[in-house]
1. So, in Å, what gap is there between the alpha-carbon centers of the range B:123-177 and the range B:96-122?
2. If you place +1 on the Cβ of every Lys and Arg, -1 on the Cβ of every Asp and Glu, and leave all else neutral, what size is the dipole of the range B:1-141 about its Cα centre, to the nearest 20 Debye?
3. Taking a quarter of the surface of the convex hull around the Cα atoms of chain A, what do you get in nm²?
4. What is the order of B:M46, A:M219, fewest Cβ neighbours within 10 Å to most?
5. Ranked by Cβ crowding within 10 angstrom, fewest neighbours first, how are B:C129, A:C151 ordered?
6. How many angstrom separate the Cα center of the range A:94-125 from the Cα center of the range A:1-35?
7. Within chain A, what's the longest run with no GluC sites (Glu not before Pro) in a DSSP loop and at most 16 other beta-carbon atoms within 10 Å? Give the range, please.
8. Pull out a ≥ b ≥ c, the square roots of the eigenvalues of the alpha-carbon gyration tensor of the range B:42-187, then state rounded if a/c is under 1.5, prolate if not and a/b is larger than b/c, and oblate in the remaining case.
Amino acid sequence: MSSPSILIEPQDTGVLLVKFNRPDALNAFDDEMSYAFQDALKNAEKDKAVRCILITGEGRGFCAGQDLKSRSITSENGAVPHLGESIRKRYAPIISRLRNMEKPTIAMVNGVAAGAGASIAFACDLRIAAQSAKFIQAFVKVGLVPDSGACWLLPRLVGWGRAMELALTGEAINAEKALDWGLVNRVVADESLQEEALALATQMAQGPTKAIGLIKRAMNRAMSMDLDSYLEYEAHTQEIAGRTTDYKEGVAAFMEKRPAQFVGQ
Amino acid sequence: MTITQTPATNYQYILASREEAGAGRFIGIVQLNRPDVLNALSPDLMGELVEALETFDNDAAVGCMIVTGGEKVFAAGADIKRMAEASAVDMLLIDQLARWDRIRKLHKPVIAAVNGFALGGGCELTMMCDIIIAGENAKFGQPEINIGVIPGAGGTQRLTRAVGKAKAMELILTGRHFTAQEALDMGLITNVVPPELTIEEAKAMAKTIAGKPAIAVRLAKEAILKAFDTTIEGGLDYERKLFYLLFASADQKEGMAAFMEKRQPAWTGS
């Protein structure tokens, strides 16, 4: 029996470590892995015990994107490959869930993140990268358009000019430059990546999860709203946050000058 | 003066309650309550719903009503199990959908507060309401085509009048679901809010309406609904006569006097 393409390692801190596990292919996506990853995210979203999702790759790479040897994208007998369907069924649900699930998601980029693999890192709420990590939007080199949300996510992360540079040249950008551009939040030595990433994820997992979810909702909304509509929306989100147990605890802890013990509700 | 009726509390499939709206006014709230079957609209449930709404409609202290399915789901459709083996004659004789028509005859405004699925009969029920407030997670749809029928409680008529022919055709012929935002963009619904606040937003709006002069509210609703089944000429005539008629109400005298005296009006609903 072959090993599972996605490894799921729950931590007792509320962090769920999710690993791409096709190390021989630099964790490139075949059909099976894309659906297994969708399921992992869906279950993590439902599971109340999970309060932060940390995503990484087994072996040398983070994720090399679509496996070009995989059947679903090659044309057989000269038939037209339906890449649109592949995007709709396999990648769009991943990006949509990462952006919309009301729990923090962190990409722990341990090596190369290419194509859809890079896009998945961009779709996470935070990115922490090893010094040896690289990001490549290689789509243009094989005659394709950056997918898995890249053309939507990249300009929002690094601005129009740099997003265009990455998309049009298809050249790799190293961790140092990615940090300089704001493409990643933190860069750490390769050997301390897991420790640092788990610490950051644990901090998130011990946070006020409902409020963090509302922050994500508000940021996502704000991207497509005018200021006045957003200010009204903000009133809604704060109304909801104001009723959480964690808000009561947060204020009490502040008054009593002690660290807050959030339960995520 | 005001006759206060409280709805029977022995409903099996719904929860009905009144909530104060200030100044002696109330709103009536009906929650569909068959969560184990996603609030499937069985004849029994619809019977209770219609009865509760009619009771509120006859309760002079109630100024506006809300129909909701609660936090998770509005109504995922009719009770298909009960219909699967029925013959055309059975359906005609039982004519369970006729009961739904009574919702249309209510005089007071009804607000649908929709979270989660509002499919088939559930979608049609929202469209029978006068105002629709939906949570961001709401999913609407008329999926009847997928089980070999078509909408039977007004879907082809009300959806078409709300969003136009081409969009209604697409939605009813493909049977696909559509989101709250899409419904808002199409003009099918009133407002989209975070799902945690759907019922509260509906209550706030219902209380605002309950605080307006009751006869004017009733005639405004009647005039707007007239727009759907008359010519523009006929509708304008109708509106004008209702406008003139309101000058026979005490609240018109009070409203205009209060306006000129720069004070808050004290409505009597007469």
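Every number here is computed from the coordinates shown, using simple stated rules; none is lab data. Note that this is a predicted model, so its numbers are computed, not measured. When we count neighbours, we look across all protein chains shown, and the Cβ atoms used for this are built from the backbone with ideal geometry, even at glycine.
1. One Cα centre to the other: 12 Å.
2. That gives the range B:1-141 a dipole magnitude of about 160 debye.
3. Taking the Cα atoms of chain A, their convex hull projects to 16.1 nm² on average.
4. Listing B:M46, A:M219 from fewest to most nearby Cβ atoms yields A:M219, B:M46.
5. The fewest-first ordering by Cβ neighbours comes to A:C151, B:C129.
6. One Cα centre to the other: 14 Å.
7. Maximal segment without exposed cleavage sites: A:172-255.
8. Oblate shape, in that a/c is at least 1.5 and b/c is the bigger or equal ratio.
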